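Peer 1: A single structure is presented below for examination.
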2 protein chains.
Amino acid sequence: MTKILKIGLAGLGTVGAGVVRLLRDNAELIRARAGRPIEIVAVSARDRSRARGISLSGLKWCSDPLELAADPAVDVVVELIGGANGPARALVEAALDAGKPVVTANKALLAEHGAALASHAEVQHASLRFEAAVAGGIPVIKALREGLAANRIISVAGILNGTCNYILSRMQSEKLDFASVLTDAQQHGYAESDPSLDIDGIDAAHKLALLAAIAFGQVVDFAGVHVEGIRRISQLDIGFADALGYRIKLLGIARETKIGIETRVHPAMVPLKSPLAHVNGVFNAVVAEADHCGSLFLQGRGAGAGPTASAVVADLIDVAQGRDVPVFGAPIASLGARPSATMDKHRGSYYLRLMVVDQPGVIADVAAVLRDHDISLESMLQQGRSPSEAVPVVLVTHDTQEAFMRAALVELAMLDSVVEPPTLIRIEPS
Amino acid sequence: MTKILKIGLAGLGTVGAGVVRLLRDNAELIRARAGRPIEIVAVSARDRSRARGISLSGLKWCSDPLELAADPAVDVVVELIGGANGPARALVEAALDAGKPVVTANKALLAEHGAALASHAEVQHASLRFEAAVAGGIPVIKALREGLAANRIISVAGILNGTCNYILSRMQSEKLDFASVLTDAQQHGYAESDPSLDIDGIDAAHKLALLAAIAFGQVVDFAGVHVEGIRRISQLDIGFADALGYRIKLLGIARETKIGIETRVHPAMVPLKSPLAHVNGVFNAVVAEADHCGSLFLQGRGAGAGPTASAVVADLIDVAQGRDVPVFGAPIASLGARPSATMDKHRGSYYLRLMVVDQPGVIADVAAVLRDHDISLESMLQQGRSPSEAVPVVLVTHDTQEAFMRAALVELAMLDSVVEPPTLIRIEPS
């Protein structure tokens, strides 16, 4: 089996150029592991003349990416254009129509159209692989879909967005506020000029939706993910987290509950005993809890040319070897489609920070509101005294239902002594 | 593809019973992910009447495990007998002779006879899989062999023996000495009555030999692994490790050097900044450094019925789906057979503890010996004063060559003021 596996590559940004470079750098080793050579034969990108630090000589240039799907010289299409619709989606559909395997790093596309695309791939008996779409170089899709395939998964939780983790890590280690770290991250290329996909949690939610579909054998349900970003995280809360033995991380969490699969992305207070608390900078990490295997923790580089290309080429080697796997780990017909659990039924413990006027009776008022909503406290922290100004009061609750917390928050916000909207951060694992 | 995959299982100890239980507990889910049912049809073990907490009714009992290889009703043989030779080896060879895929958890067998067995499997076009042989429930074989397949691996280092990690963790957290923790571990079933395979590093060396073969594309070379166990680790060194910001761990390390692949198992001082320093109790963990992917860290349960069965059944699901992979990640003909690098050429930094008489001039004598061997010091620590007794002096060196350290040790041991054989522990990563 020495027939060359011929690749048509769409998208020559950082990752695309990384794939070209990796296939050349490690050609001999990849040939041994794939059982045959893997070579790019045709490429497509918006701008042919852009400097990328790689030679494109000898490769067919396609001004329209759809040519890659149609070209009989292309065995496999690699889609690195990005975006949930437009040319990326058109290319993947055209390639599957032509019965060609597709390898993509496109989390948005899979999260929003994963069910339809998986059906399409299944009907066409064409492979659709997306290791690079989640957690970059960490082979987490393979670990969940194959490595833990014998297990019922209980929960998956992860740090899935390197930009957010970089910002939160620097806020914590350098005592800087969100806005200044974001600006600095943008200047150094760690955050986009429009950072909203990252910092509002959308990117992490795309990835979580894919992990949840595989882990729980469900049709991918991006719309069912509860999403909160990190814009409202303040230095004050970072400091209280430190004092209480937590780190604030943007987590994606999917877990089985009695009322359905909960999928949510939000900032969380992570206890220092959790390995996720110690994942800093641009690293990503995932913890899976499985019924027979127990806990599995994976950590690695979540983005960048090298790690993402590593994941793309791992998928290509699997294609070259004919190692096939259903898109979401099991045939579409066997996937469930239970509605996601809603957050009002969520149970957990909470960090609650109030800014209150520093006068007698305030704590009693706050405690009464919580009591009236059946919320019991694990601890309370008040730092500093300032009779004329607002001071922070931090409360950590025992397990309670989110609906109760929400109702209590409304009442707390109405107290005369509470002078700012309360800040609520979930504690995970609680 | 709903043809049942029929399993013949040899060995019904903890892991064997765990496999039977897992295949029953999660039968429906496994059927969806494997594309067909996986069922045990025949079993073999030494003692038919032993209570195992599982029903064997409906399963064919084979008093000779070789019957499983010969039985036309058996599609795949699962070997959980253990041992590098004897019935385990005979069964695996017979199954491969019959062209049947083999799934095994037998690290000793693969480490000692891996090259011959891989050739045998290749000639017979039969799969030989051993995810369960290394790090229990962590899918580290799959991660290295498939997930990082696009990369040149630079190094692999891991905590590969749960018994040793349990003992060292308790020595550290409870300030107990080696002998008493070992006795306690034996009483609680965390260590065997003959613990030497574990505590002398042999088990970790078996596993490391397998990881190194896959990571570096080399013929497995167990004999080339340098092995030291943990018997000589004292509470004194555990305490100094704490003081210096290290944890003592039994590591298996394989790395590419200019003079060949270094493979070694020994206690190491692991800096607290390394994730391996924080892996406690019976957990296993592996860090791989890859040229494009960067660093990948995996942590999970390294032993026990559930995690090991999880790995065995993951292999069975791959077999059911026809996902084939060369035994060591690449065809035998493409594997290298460079001799392993010898330890005298090893370079690294060292922790050195001497017991010296507490009198003027001792440190000068010690420093002179090290200087004469071109060894420079990063730090020195002397705790306590006791003019009439021996006191410990700890030295941490900069990078040096092991042969120089060994020569210096001989001279240090001969100094009148040095009253015990010096203790040397390598610092990793140095």
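The values are calculated or read from the model by the stated rules, or taken from the named source; none is laboratory data. Treat the numbers as computed from the prediction; the structure is a model and nothing was measured. Because the Cβ atoms are built from the backbone with ideal geometry, glycine has one as well, and the counts that use them run over all protein chains shown.
Peer 1: Could you check, for segment B:122-135, whether at least one of its residues is of a type in the set (Lys, Arg), within 14 Å of another protein chain (Cβ to nearest Cβ), buried (at least 24 other Cβ atoms within 10 Å of the Cβ) and in contact (Cβ under 8 Å) with a residue 24 or more places away in the chain?
Peer 2: We begin by selecting, within segment B:122-135, every residue of a type in the set (Lys, Arg); these are B:129.
From what's left, within 14 Å of another protein chain (Cβ to nearest Cβ): B:129.
Still in the running and buried (at least 24 other Cβ atoms within 10 Å of the Cβ): B:129.
Checking which are in contact (Cβ under 8 Å) with a residue 24 or more places away in the chain leaves us with B:129.
Yes, some residue in segment B:122-135 is of a type in the set (Lys, Arg), within 14 Å of another protein chain (Cβ to nearest Cβ), buried (at least 24 other Cβ atoms within 10 Å of the Cβ) and in contact (Cβ under 8 Å) with a residue 24 or more places away in the chain.
Peer 1: Regarding residue A:89, is this residue part of a helix (DSSP H, G or I), in the same structural domain as residue A:10 (by TED's automatic domain parsing), in contact (Cβ under 8 Å) with a residue 24 or more places away in the chain and basic (Lys, Arg)?
Peer 2: yes
Peer 1: Of everything in segment A:300-324 that's among the aliphatic types (A, V, I, L, M) and facing chain B (nearest Cβ under 7 Å), which residue is nearest to the chain's Cα centre (by Cα)?
Peer 2: It comes out as A:309.
Peer 1: Something else: Taking the criterion of being within 8 Å of another protein chain (Cβ to nearest Cβ) and touching a His at 6+ places or on another chain (Cβ under 9 Å), would at least one residue in segment A:259-272 satisfy it? Steps first, please.
Peer 2: Of the residues in segment A:259-272, the ones within 8 Å of another protein chain (Cβ to nearest Cβ) are none.
Taking every residue of segment A:259-272 in turn, none turns out to be within 8 Å of another protein chain (Cβ to nearest Cβ) and touching a His at 6+ places or on another chain (Cβ under 9 Å).
Peer 1: Those residues that are within 19 Å of residue A:3 (Cβ to Cβ) and in a strand (DSSP E or B), I need them from segment A:36-59; list them, please.
Peer 2: Scanning segment A:36-59 gives A:38, A:39, A:40, A:41, A:42.
Peer 1: Among the residues of segment A:15-35, how many are more than 11 Å from chain B (Cβ to nearest Cβ) and either touching a residue at least 40 places away in the same chain (Cβ under 8 Å) or more than 29 Å from the chain's Cα centre (by Cα) (or both)?
Peer 2: Looking only at that region, the number is 4.
Peer 1: Please go through (1) surrounded by fewer than 20 Cβ atoms within 10 Å (Cβ to Cβ); (2) in contact with a Leu (Cβ under 9 Å, 6 or more places away or on another chain) for residue A:319 and return the number of the only condition it doesn't satisfy.
Peer 2: The single condition residue A:319 does not satisfy is (1).
Peer 1: Which condition number does residue B:173 fail, the rest of (1) of a type in the set (Gly, Ala, Ser); (2) closer than 22 Å to residue B:14 by Cβ; (3) touching a residue at least 60 places away in the same chain (Cβ under 8 Å) being met?
Peer 2: The one condition residue B:173 does not meet is (2).
Peer 1: Now, a different point. Can you give me the number of residues within segment B:162-214 that are in a helix (DSSP H, G or I) and either outside the structural domain of residue B:265 (by TED's automatic domain parsing) or hydrophobic (A, V, I, L, M, F, W, C) (or both)? Break it down into steps so the answer makes sense when it comes.
Peer 2: Looking only at segment B:162-214, we keep the residues that are in a helix (DSSP H, G or I), and these are B:162-174, B:178-187, B:196-199, B:202-214.
Remaining after also requiring either outside the structural domain of residue B:265 (by TED's automatic domain parsing) or hydrophobic (A, V, I, L, M, F, W, C) (or both): B:164, B:167-168, B:171, B:178-179, B:181-182, B:185, B:197, B:199, B:202, B:204-205, B:208-214.
Summing the residues that are in a helix (DSSP H, G or I) and either outside the structural domain of residue B:265 (by TED's automatic domain parsing) or hydrophobic (A, V, I, L, M, F, W, C) (or both) in segment B:162-214 gives 21.
Peer 1: While we're looking at this one, here's another question. Condition (residue is facing another protein chain (nearest Cβ under 8 Å) and in contact (Cβ under 8 Å) with a residue 24 or more places away in the chain) applied to segment A:347-354: is it met by at least one residue?
Peer 2: If we filter segment A:347-354 for residues that are facing another protein chain (nearest Cβ under 8 Å), which is where we start, we get none.
There is no residue in segment A:347-354 that is facing another protein chain (nearest Cβ under 8 Å) and in contact (Cβ under 8 Å) with a residue 24 or more places away in the chain.
Peer 1: Do you know which residues across segment A:247-306 are part of a strand (DSSP E or B), under 22 Å from residue A:225 (Cβ atoms) and of a type in the set (Gly, Ala, Ser)?
Peer 2: Those that are part of a strand (DSSP E or B), under 22 Å from residue A:225 (Cβ atoms) and of a type in the set (Gly, Ala, Ser): A:252, A:254, A:260, A:268, A:285, A:288, A:290.
Peer 1: Right, next: Quick check on my filter: what residues within segment A:386-407 are aliphatic (A, V, I, L, M) and in contact with a Phe, Trp or Tyr (Cβ under 8 Å, 6 or more places away or on another chain)? Explain how you work it out, then say what you get.
Peer 2: If we filter segment A:386-407 for residues that are aliphatic (A, V, I, L, M), which is where we start, we get A:390-391, A:393-396, A:403, A:405, A:407.
Of everything in segment A:386-407, those that are aliphatic (A, V, I, L, M) and in contact with a Phe, Trp or Tyr (Cβ under 8 Å, 6 or more places away or on another chain) turn out to be A:394, A:395, A:396, A:405.
Peer 1: Give all pairs with beta carbons closer than 6 Å in which a residue from segment A:272-296 that is assigned by TED's automatic domain parsing to the domain that holds residue A:155 meets a residue that is of a type in the set (Lys, Arg) and assigned to a loop (DSSP other than H, G, I, E, B); count only pairs at least 6 apart in sequence or on separate chains.
Peer 2: Listed by first residue and then by second, the contacts come to A:291/A:152.
Peer 1: Further question: When segment B:218-258 is examined, which residues are found to be of a type in the set (Val, Ile, Thr) and out of contact with any strand residue (DSSP E or B) (no Cβ under 9 Å at 6 or more places or on another chain)?
Peer 2: B:220
Peer 1: Residue B:237 fails exactly one of the following numbered conditions: (1) assigned to a loop (DSSP other than H, G, I, E, B); (2) modelled with pLDDT of 95 or more; (3) surrounded by fewer than 22 Cβ atoms within 10 Å (Cβ to Cβ). What is the number of that condition?
Peer 2: With respect to (1) assigned to a loop (DSSP other than H, G, I, E, B); (2) modelled with pLDDT of 95 or more; (3) surrounded by fewer than 22 Cβ atoms within 10 Å (Cβ to Cβ), residue B:237 is out only on (1).
Peer 1: Kindly establish whether residue A:416 is at positive phi and in a loop (DSSP other than H, G, I, E, B).
Peer 2: Criteria not met by residue A:416.
Peer 1: Considering only residues that are surrounded by fewer than 12 Cβ atoms within 10 Å (Cβ to Cβ) and under 36 Å from the mean Cα position of the chain (by Cα), which ones fall in segment B:344-402?
Peer 2: Residues satisfying the conditions are B:374, B:376, B:379.
Peer 1: Out of the strands (runs of 3 or more DSSP E) lying entirely within segment A:317-407, which hold 2 or more residues that are within 30 Å of residue A:144 (Cα to Cα)?
Peer 2: It comes to A:347-357.
Peer 1: Another question, then. So, in segment B:97-113, of the ones that are surrounded by 24 or more Cβ atoms within 10 Å (Cβ to Cβ) and touching a residue at least 60 places away in the same chain (Cβ under 8 Å), which residue ends up farthest from residue B:68 (Cα to Cα)?
Peer 2: Filtering segment B:97-113 for residues that are surrounded by 24 or more Cβ atoms within 10 Å (Cβ to Cβ) and touching a residue at least 60 places away in the same chain (Cβ under 8 Å), the one farthest from residue B:68 (Cα to Cα) comes out as B:111.
Peer 1: Residue B:92: out of contact with any His (no Cβ under 8 Å at 6 or more places or on another chain) and closer than 27 Å to residue A:152 by Cα, yes or no?
Peer 2: no
Peer 1: Residue under question is residue B:48, and the condition is that it be at pLDDT 95 or above, of a type in the set (D, E, K, R) and in the same structural domain as residue B:100 (by TED's automatic domain parsing); does it hold?
Peer 2: On the way: at pLDDT 95 or above: no; of a type in the set (D, E, K, R): yes; in the same structural domain as residue B:100 (by TED's automatic domain parsing): yes.
Judged against the criteria, residue B:48 is not a match.
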